[in-house]
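> I am attaching a structure below and will ask some questions about it afterwards.
The values are calculated or read from the model by the stated rules, or taken from the named source; none is laboratory data. Note that the coordinates shown come from a computational prediction; the quantities given were computed from them, not determined experimentally. Cβ coordinates were reconstructed from backbone atoms using ideal geometry, including for glycine residues, and neighbour counts include every protein chain displayed.
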């Protein structure tokens, strides 16, 4: 098992803590957003929609503009397959990637070891490996009724995060509601990436466990993922600036 890297720098300034989600239909759409946000946003999330549409060129487009990538593909498969996917994530030079914690400890260990081995072989930085805990679209009722999980959302998140730490991952993806408990339970070095961040007055959309940028940053999230409130805004640069101001405050 590869242990987490305790020396990894975690950003303290708002600009490097904000990750804008490029959940768009095409590479052309993504590049328009990248150009409008260049110099203001340094980190972008590439998820299933854009990666399915464009593949690795989407990552290359972000890197070409001097920014970094959170590859949000939520790998969930047998350990050997996930290890291979983690190696490719490291090869592409992403800052972070994630796997579903519900895939189990062996799968998460394979992801951590695969990424570390590829980084060492290629002489590149090892990507931050994250576990997805409970999706922000799920609430207590859905967790119990549909997935058969009897514990509370917070309790299940803490259980999955503990399993991820034991497997050698660096942190987890969790909603704003669980940040404080995770920070207390896992300590200051555990990387917490938080989606479900919505500026005051923004629509919740399909997310149920949400918070404002100020509340999420205050609770102890290292990185905040914001999508539609910025990317769907008439002026994405102005919307990003407003989020950054709120985080900094």
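> Among 221, 240, which is within 18 Å of the chain's Cα centre (by Cα), part of a loop (DSSP other than H, G, I, E, B), modelled with pLDDT of 90 or more and buried (at least 20 other Cβ atoms within 10 Å of the Cβ)?
Only one candidate qualifies: 221.
> For region 36-80, give me the residue count where each residue is assigned to a loop (DSSP other than H, G, I, E, B) and more than 20 Å from residue 195 (Cα to Cα).
Count: 7.
> Something else now. Go through region 13-31 residue by residue and tally those that are in a helix (DSSP H, G or I) and loosely packed, with under 15 Cβ neighbours inside 10 Å.
So the count comes out to 1.
> Then there's this: May I ask you to verify whether residue 118 is free of Cβ contacts under 8 Å to residues at least 60 places away in the same chain and under 28 Å from residue 244 (Cα atoms)?
no
> List, please: which pairs have Cβ atoms under 6 Å, are six or more places apart or on different chains, and start with a residue in region 169-187 that is part of a loop (DSSP other than H, G, I, E, B) and end with one that is modelled with pLDDT under 95?
170/4; 174/133; 174/157; 175/136; 175/196; 175/209
> May I ask you to verify whether residue 89 is more than 18 Å from residue 21 (Cβ to Cβ), assigned to a helix (DSSP H, G or I) and in contact with a strand residue (DSSP E or B) (Cβ under 7 Å, 6 or more places away or on another chain)?
When the stated conditions are applied, residue 89 does not pass them.
> Could we say that residue 112 is assigned to a helix (DSSP H, G or I), under 23 Å from residue 17 (Cα atoms) and touching a residue at least 60 places away in the same chain (Cβ under 8 Å) here?
yes
> Mind checking which residues of region 32-60 are more than 14 Å from residue 240 (Cβ to Cβ), within 17 Å of the chain's Cα centre (by Cα) and either surrounded by 14 or more Cβ atoms within 10 Å (Cβ to Cβ) or free of Cβ contacts under 8 Å to residues at least 12 places away in the same chain (or both)?
46, 47, 49, 50, 51, 58, 59
> Identify, from the list 76, 63, 100, the residue that is surrounded by fewer than 23 Cβ atoms within 10 Å (Cβ to Cβ), over 16 Å from residue 169 (Cα atoms) and either modelled with pLDDT under 95 or under 18 Å from the mean Cα position of the chain (by Cα) (or both).
After applying the criteria, what remains is 63.
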